[in-house]
Amino acid sequence: MDTSPSTPTSTPTTKPASEVTRTSEQGNGEPIAVAMWGTGGQARVVEEFLGAVGCELVVVCDHDPHATWESETGGTNRICHGWSGFEAFLPTFASESGGRTLYGIVAVGGHDGSDRLRIQARMETLGVRPIAVVHPSAYVASNAMIGPGSQVMAQSAVCALAKVGRGCLINTGSSVDHHCELGDGVHVAPGARLAGGVRVGEHTMVGMGAMVLPRIKIGNQVVIGAGAVVTHDVPDGKVVYGNPARVVKDVSRLSDVHVRGIGPVEPVSPAQGGGAKFLVEGKYDIGPATEE
Ligand SMILES: CC(C)(COP(=O)(O)OP(=O)(O)OC[C@H]1O[C@@H](n2cnc3c(N)ncnc32)[C@H](O)[C@@H]1OP(=O)(O)O)[C@@H](O)C(=O)NCCC(=O)NCCS
């Protein structure tokens with residue numbers, strides 16, 4: 001397991017949020033050029049703060065041939081559709097940008113993080129490197145690790161010694177407490193809370209406002225319903241909800257993921273903590289969840 005950060009920004013002193021590194025890349029004075037996949041809600045949330053973390057959105061892409069994009073921040077309106085559109089954009093960018101590196105971010109929410117990871121992987125094969133971003137108001141402990149392509153959103157917290165895999169969403173006002181380990185493609189939805197030492201398997205979504213008790217192990221491809229209180233380990237591929245959360249079905253029987261009742265949401269304090277560390281290569285092996 002390679003956990004070396006790309007930017008050794010760890011500092012023992014507390015810094016205001018405005019001074020800490022908020023992306024996994026350094027812009028060397030000029031903005032980091034970013035291609036964003038997705039035009040939905042998650043994309044709008046990411047667009048809003050990209051400029052604040054030293055990035056310039058240069059193109060937006062979507063599989064939907066009817067998707068449109070008009071910038072809400074005075075940035076680019078450029079959109080391309082599907083992989084053919086994106087591949088056609090790359091040489092144009094190369095010639096227009098004077099050799100700037102292009103980074104990619106997959107701003108696609110939902111309950112199946114494998115979608116996000118597939119897009120991220122394909123972008124990487126095209127030479128577009130994933131970038132991780134941390135909203136200026138989020139708190140990320142100086143000894144926490146954030147995987148490539150992950151997004152840590154406003155008023156969320158990633159606490160001491162937590163490890164977040166690649167392509168994860170730590171969404172608005174959620175918290176991932178000390179020693180948590182999140183596999184690739186995990187989505188911690190707005191207002192969800194993971195207590196210390198929780199392990200979450202790949203592609204799992206922890207629904208809005210859910211709470212997960214200390215040291216619980218949640219499997220791969222699990223969906224935890226909004227407002228759930230998870231008191232027992234959850235095996236792979238299950239949907240659980242309620243207080244206490246119970247297994248209700250297999251994820252394969254989930255027709256759709258709806259937005260249902262929101263549990264308690266208390267935004268964390270504005271960030272006053274140290275700089276984020278980012279995992280550039282490698283993968284967290286968090287092992288299987290225990291069976292119930
Ligand atoms: C758990 C969840 C995945 C279940 O989806 P589903 O199987 O399609 O659920 P349905 O809408 O068919 O509801 C089935 C029953 O479960 C109940 N139910 C659904 N979600 C529930 C939840 N989170 N807590 C308690 N009960 C729930 C419904 O009320 C319904 O009960 P009823 O049959 O008595 O009316 C979904 O409701 C959920 O909570 N998704 C999380 C959404 C979220 O946080 N998204 C992140 C956005 S950024």
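Of the residues making up the stretch 108-126, not one is within 12 Å of the ligand (Cβ to nearest atom) and modelled with pLDDT of 95 or more.
Check the stretch 78-91 and report whether any residue there is over 26 Å from Gly225 (Cβ atoms), in contact with a strand residue (DSSP E or B) (Cβ under 9 Å, 6 or more places away or on another chain) and assigned to a loop (DSSP other than H, G, I, E, B). Yes, there is a match, as at least one residue in the stretch 78-91 is over 26 Å from Gly225 (Cβ atoms), in contact with a strand residue (DSSP E or B) (Cβ under 9 Å, 6 or more places away or on another chain) and assigned to a loop (DSSP other than H, G, I, E, B). Among residues of the stretch 207-218 being in contact (Cβ under 8 Å) with a residue 24 or more places away in the chain and in a strand (DSSP E or B), the one that is nearest to the ligand (Cβ to nearest atom) is Met211. I'd like to know if the stretch 58-67 contains one or more residues that are part of a strand (DSSP E or B), among the acidic types (Asp, Glu) and buried (at least 16 other Cβ atoms within 10 Å of the Cβ). Checked against the condition, which is being part of a strand (DSSP E or B), among the acidic types (Asp, Glu) and buried (at least 16 other Cβ atoms within 10 Å of the Cβ), the stretch 58-67 yields at least one hit. Exactly one residue out of Gly99, Gly54, Gly74, Gly109 is at positive phi and within 22 Å of the chain's Cα centre (by Cα), and it is Gly54.
Taken together, Val186, Val164, Val158, Val198 contain a single residue that is assigned by TED's automatic domain parsing to the domain that holds Gly227, within 16 Å of the ligand (Cβ to nearest atom) and either modelled with pLDDT of 95 or more or under 14 Å from the mean Cα position of the chain (by Cα) (or both), which is Val186. Number of residues in the stretch 161-207 that are of a type in the set (Lys, Arg) and over 13 Å from Met145 (Cα atoms) equals 2.
Reported count of residues in the stretch 230-245, each being surrounded by fewer than 19 Cβ atoms within 10 Å (Cβ to Cβ) and near the ligand (Cβ under 10 Å from one of its atoms), is 2. Against the list (1) surrounded by fewer than 24 Cβ atoms within 10 Å (Cβ to Cβ); (2) under 27 Å from Arg122 (Cβ atoms), the condition Val152 fails is (1). Is at least one residue of the stretch 166-188 surrounded by fewer than 23 Cβ atoms within 10 Å (Cβ to Cβ), part of a loop (DSSP other than H, G, I, E, B) and among the aliphatic types (A, V, I, L, M)? Checked against the condition, which is being surrounded by fewer than 23 Cβ atoms within 10 Å (Cβ to Cβ), part of a loop (DSSP other than H, G, I, E, B) and among the aliphatic types (A, V, I, L, M), the stretch 166-188 yields no hits at all.
In the stretch 219-229, of all residues being in contact with a strand residue (DSSP E or B) (Cβ under 7 Å, 6 or more places away or on another chain) and more than 13 Å from Met208 (Cα to Cα), the one that is farthest from the ligand (Cβ to nearest atom) corresponds to Gly219.
The values are calculated or read from the model by the stated rules, or taken from the named source; none is laboratory data. What you see is a predicted model; the values in this text were computed from it and never measured. Quick reminder, even Gly has a Cβ in these numbers, built from the backbone with ideal geometry, and neighbours come from all protein chains shown.
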